[in-house]
Amino acid sequence: MRSLLVTGGAGFIGANFVIYWTRKYPDDRVVVIDALTYAGNRANLARVEDHPHFQFVQGDIGDKELVQSLLVDGKLDTIVHFAAESHVDRSIHEPDAFIQTNVNGTHNLLKVARETWLDSDDAPATHRFHHVSTDEVYGTLGPDDPAFTEETPYAPNSPYAASKAASDHLVRAYHHTFGLQVSTSNCSNNYGPYQFPEKLIPLMIVNALTGKPLPVYGDGSNIRDWLYVEDHCRGIDLVIDRGRVGETYNIGGNNECANIDIVKIVCAAIDECFATRPELCAVFPDAPAAGGRPTESLITFVKDRLGHDWRYAINATKSENELDYKPVENFDSGLQKTLGWMLDNESWWRAVLDGSYREWIAKNYT
Ligand code: NAD
Ligand code: TDX
């Protein structure tokens, strides 16, 4: 049995992970610490609020006393670290918060973990600090380059990627220097329920349903490797359970696709939903599909992202061989689940978009 501190558990992947973990390990304690930034949403955890071993704490991972009290008082033995500023475009406009949370925040967690788990007489028999990172630390690939392995040299290109790379190095250093029992996973682009609609797939779905342009950066040829969020959660579980301490594992979805093709697939899936569920026309009257027009008509090519990485691709052979990791979803099945969830949870994304979700939570969860 484990007692977990999940940082950033009210964000997209963190919330999916908490839902996954409490379902699979109902006897484990799960404490979430989340600062509830614009990307954090208590409503993402609604499904676990009544779980007997779940606790939510609003707070900053940079708050040393708070993190220390959670680890010590709760006798927690595992940290699963998701909390971060996570949107590349924001890191281009306002990088400071990325350094503060992703670098300094991670360092604060490592310091507290070291003091509590290595330097204290009261330490648990075993511990684990699992750090959730990204493929963006490896930089960008050309069309014929082999996919990123765990041995690919780091070459981060955006302030976001650089801040994640710095945090990965700190995690590695706390293992090498102090003996902290760490593991790191680097994964590709996630999609699925609860993703903040600033990222490509949920943004396209929301804009398509509300009749707004679908902004494709540059010529849309950039390639990403899409991973359904539950497959990512399963991968993290395997790393924590079976991964070797001090090691890094890549987690991918085996689904490379150009952005323009992803957007067209999303558009076609929406058209099909409206064709088979005519009641959607009244719910989303501004969607082109409600008027019988193709959703693709909303595609608009816009100015490219500064320093836009061209291609990411994950080689997950190490995780497959050592951990028996394999993604369950292909892009079609993952998109059906994601789109179905977005169609059924209009109130969630409308509340997130108009920033009124705090009032929405107060109304629904207190
Ligand atoms: P997200 O932006 O949806 O959620 C981040 C969460 O962290 C939010 O709930 C936010 O409130 C919280 N947070 C931010 N700053 C905090 C602080 N100082 N203290 C406490 N909580 C704070 O992000 P996500 O997409 O769920 O990503 C989770 C992790 O996975 C990140 O570390 C990210 O770098 C990594 N990752 C994400 C993807 C992806 O495709 N989304 C891919 C690879 C890796
Ligand atoms: O409106 C858009 N139009 C567009 O063409 C948006 C939001 C994105 N894009 C492009 C940029 C990227 O090539 O789509 C691709 C995906 O963009 P994002 O969803 O912003 O993801 P990306 O920049 O690839 O980073 C994501 O994957 C790695 C996550 O946001 C990171 O947190 C993760 O580490």
Using the Cα atoms as the points, what is the convex hull volume per residue of the chain in Å³? 133 Å³
Looking at the chain as a GNM with Cα springs under 10 Å, which of Gly139, Gly192, Gly179 has the largest mean-square fluctuation? Gly179
How many Å³ per residue does the convex hull of the Cα positions in the stretch 1-58 occupy? 60 Å³
Trypsin sites (Lys or Arg not before Pro) within the stretch 259-352: which are DSSP loop residues with at most 13 other Cβ atoms inside 10 Å? Lys303
Name the residue, out of Gly243, Gly291, Gly11, whose mean-square fluctuation peaks in a Gaussian network model built on the chain with Cα pairs under 10 Å. Gly291
Helix by helix, which DSSP H runs in the chain go 20 Å or more along their axis at the Cα atoms and have an average Kyte-Doolittle hydropathy of -1.0 or more? 159-178, 259-276
Loop only per DSSP, at most 16 neighbouring Cβ atoms within 10 Å: give me the chymotrypsin sites (Phe, Trp or Tyr not before Pro) in the stretch 178-280, ordered by residue number. none
Suppose we flag GluC sites (Glu not before Pro) only when DSSP calls them loop and at most 12 other Cβ atoms lie within 10 Å. Which is the longest uninterrupted stretch of the chain? 152-278
Please give, to one decimal in nm, the separation of the simple spin-label points placed at His93 and Thr149, each 7 Å out from Cα toward the Cβ. 4.0 nm
Loop chymotrypsin sites (Phe, Trp or Tyr not before Pro), the stretch 134-172 (other Cβ atoms within 10 Å of the site Cβ: 11 or fewer; DSSP): none
Could you tell me the center-to-center distance, by alpha carbons, between the stretch 17-31 and the stretch 162-218 in angstrom? 22 Å
With 22 Å as the limit, write out which pairs from Lys64/Lys199; Lys212/Lys303; Lys212/Lys264; Lys199/Lys337; Lys264/Lys318 have Cα-Cα distances beyond it, or answer none. Lys64/Lys199; Lys264/Lys318
Quick note on Leu70, Leu306, Leu203, Leu5, ordering by fewest other C-beta atoms within 10 Å, gives Leu306, Leu203, Leu70, Leu5
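Read the figures in this text as sums done on the coordinates, not as results from a lab. Computed from a predicted structure; not experimentally measured. When we count neighbours, we look across all protein chains shown, and the Cβ atoms used for this are built from the backbone with ideal geometry, even at glycine.
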